[in-house]
Amino acid sequence: MSIELVQQYQYIYINGELINPALISKIELSAGIDSVLPTLQFAINDTRGDIWSTLHFGIGSDVRIALATTTDNNESMDAVVFANFCITRMYNGHEYGNSTLGGYIQVWCEQAWKFYENYDDHAYEKQKLGKLIKEICSHTIKRAHVKVEDDNFEESMDSGSIRYKLSCGDLDFITNTLLPVTLIGDSNSYFFLDQYGYAKLSSFEKLYKQKPKCLITPQMDIVSDNANGIPEQLAAYMKNKNYKYYIPFEGNISNIGSRANIDSMLNQIYEKLYLYDNQNQKSMIAWQAPALKAGSSSAKLRQSNIPVMNSVLSTSDATSANFFENYIIEDQIAFSRNNDVSTNDIFATVIGIRGYDINLAVGNTLDLWIPYFKNVEVETNPDTEEDTRKQADNVSIHWLSGKWLISKVIIKHISATEVMTMIKIIRPTFVVNTKTTSLTDVRVFYDVEGTVI
Amino acid sequence: MDFIKPDMDLHFHRARVYKRGKFGDDRLQVRILPQMADIPQDELENLPKFPCLFKNMVLNCRQEATSSEKYSTTGNPVDGKDNADYVCVLCNKDYTFGYVVCLENAFYDYMTTPHKDSWGFSSIKDYINNRGMGDSALDYDNLVVQAMPSTEDGGMVEFYNWKNGNKYIINRSGACIMVLQDKVYIRAGSPGKNGKKNPFSAIEMSGSKIVIKTKLLDINSEKIILGHHGQYLLGTAVSSPFAAEGRNFYPVKDIAV
């Protein structure tokens, strides 16, 4: 069955005081694997200017946001409490006129660590960088509200080194000094706080390897339900994968190629690297192509082809060049691999979901199940002009189906009792079952494993 | 997220020497200032260790960490925070890769304050002129000082005249080597001041003569030629004059063979 989200109430507390939910609008809570800290934005409808004229909160005020979910009969209510935030900015457009200075008080917030960084200086003893990052997170200032759990910190591959945290905050030190030289597995590293405030250190590879936490499918209007009202193929899939429910999505956009920075992505498709090992006084020239894959490929299952034409890499000298120097060679190699981030979201899909599910945490994986119907017949009702699709034969799976990593989550206010979740999901390569997937031949695309079908 | 390539440049910093190098590891351990001023005491052993930038150069000096080293003349400690030397280091922005370039002077305010560690030009000029080793171009403006360490146990100054190429190395004990355009002067010991006479030895060598001043000239050589007269110096076991074959022989008592 699909989840029955009927009402989701949003509660916002500023300095511990509940703001009347009826006055709250435009909530937007956002978290991403590459934005480090979650952010929150909302507006308070201050019609008469009462709040603005007796302002008792400001920059640095504590903000908590909770989401309470009820079902149809309001028998029970499950509450989700998100990360601790602090106000960073406020704005009032005085939409209700100059007489009262009433208007929408727009409030921007960042997770509390932004305000409460630890500025102690340290010459940390020799240790692996992953361990050091966890140690720093464990010693954050209490008011930063950073949640640390062992399972959220992966071990790094480096041999261990002394590092200096000087004249900077702990968050800045992790993201700007340690993370660029931290290698976890064979892919670039990520450090971020999810929307619940849990700190996570991992690599794209390790994040992507997690078991999917939920099943997402399109809102289907195909007339072929089983007894539970679930399309037969989906029911079979859920049984096979042991999913208790699915989350229908309403709209999606899929994209191939970096939307954020085309130049950066193209540069990283085939990089020429110049490295210098100062200890052995050796120069090294190397070429780096994307190495990240959804999994190993076999004759039946292709998971290592990126959507870049083979011909680009086979005929191009390079798409960019970079040099690294004045660091130990281990750091230079980590720099070069961590440099390779813009190709991680070479496949990206943005999905809109009515409501919010607790498993839609940034950094989790989900299972996207999209059937591909051949020969679908569409009948239009002449009275209502509504289309009805009738399933024809031969259902296969769309190549967009499979496991995806949630790289960004935005929870948006629709009304006082309703929210919408926008998620950006990414994966590095095609995931194609040559027997059942709509896309059967990926041989024209570059194989990061270099295997031949 | 776009990867921002880190700053890979090396930057100059001032640092206090925390620990000297040791046999087998010539690197200096340094505390870069002011960035490392607030490092906890129990983490100081993790301060960066950098080698000298220039190959075949080893720099050792006074350190911040206390040690048992004392000056032999005064018994005062050599090391400690107030005594430590400062060096100029060149390292990356993360302080994980770098070099020690050289010992570093204190920086003085713009234009107005004289350099308190300025070298003793006038006394050194007098010293040189009193030995006839000065030259017409021995002027402050013409001299390049290459080293002038000074501690409670001693000191030295090494400099040259960029105008005429004369070179001077003078130890505080009085020993010196001066390589001039027309002569070379080497001296060990100091003659003393105010009528006090100390033993010393000096060699002054010019194109036409060598003047040796010393209490005792001990030449350990199998063959010595004094002038080219075709005759031999006669040795005798006695110190008194004696006659032989109708000739009188007078031993030179100050030359022993």
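All of the numbers you see were taken from the coordinates with simple rules; none came from a lab. Remember, predicted model here, so these are calculated numbers, not experimental data. Don't worry about glycine lacking a Cβ; one is built from the backbone with ideal geometry, like all the others, and counts go over all protein chains shown.
Quick look at the numbers
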read-out	value
Local net charge near B:SER72, Cβ-Cβ under 9 Å (Lys/Arg +1, Asp/Glu -1)	-1
Chain lengthening between A:SER254 and A:ASP121 when straightened (0.36 nm per residue, less Cα-Cα)	43.3 nm
Choice from B:GLY174, B:GLY235, B:GLY120 showing the highest fluctuation, given a GNM over chain B with Cα pairs closer than 10 Å	B:GLY235
Leading residue at positive end of dipole, the protein assembly as shown (Cβ point charges), from B:VAL87, B:THR236, B:PRO51	B:THR236
Relative contact order (%) - criterion: Cα under 8 Å, at least six apart; region: chain A	17 percent
Set of aspartates and glutamates with alpha-carbon distance to B:LYS5 below 18 Å, sequence-local pairs under 8 removed	A:ASP34, A:ASP172, A:ASP263, A:GLU271, A:GLU325, A:GLU330, A:ASP331, A:ASP340, B:ASP94
Prolate/oblate/rounded call for the range A:1-126, Cα gyration tensor, a/c under 1.5 rounded	oblate
Given chain B, longest segment not containing exposed loop trypsin sites (Lys or Arg not before Pro) (DSSP; at most 12 other Cβ within 10 Å)	B:117-192
Cα convex hull volume per residue for the protein assembly as shown (Å³)	306 Å³
Order of A:TYR104, A:TYR274 under a 10 Å beta carbon neighbour criterion, fewest first	A:TYR274, A:TYR104
Using distinct alpha-carbon pairs, which all enter the 1/r mean, Kirkwood radius of chain B in Å	23.7 Å
Mean ellipticity per residue at 222 nm, deg cm²/dmol - from DSSP H runs of n ≥ 4 across chain B, formula -39500 (n - 2.57)	-1000 deg cm²/dmol
Within straight-line cross-link reach of A:LYS282, lysines at Cα separation under 21 Å, skipping those fewer than 8 residues along the same chain	A:LYS272, B:LYS55
About the Cα centre, charge dipole magnitude for chain B (Lys/Arg +1, Asp/Glu -1 at Cβ), debye	1220 debye
Cα-Cα separations in the range B:121-213 greater than 22 Å, expressed as whole percent	27 percent
Contact order normalised by residue count of the range A:7-114, Cα under 8 Å, 6+ apart, percent	31 percent
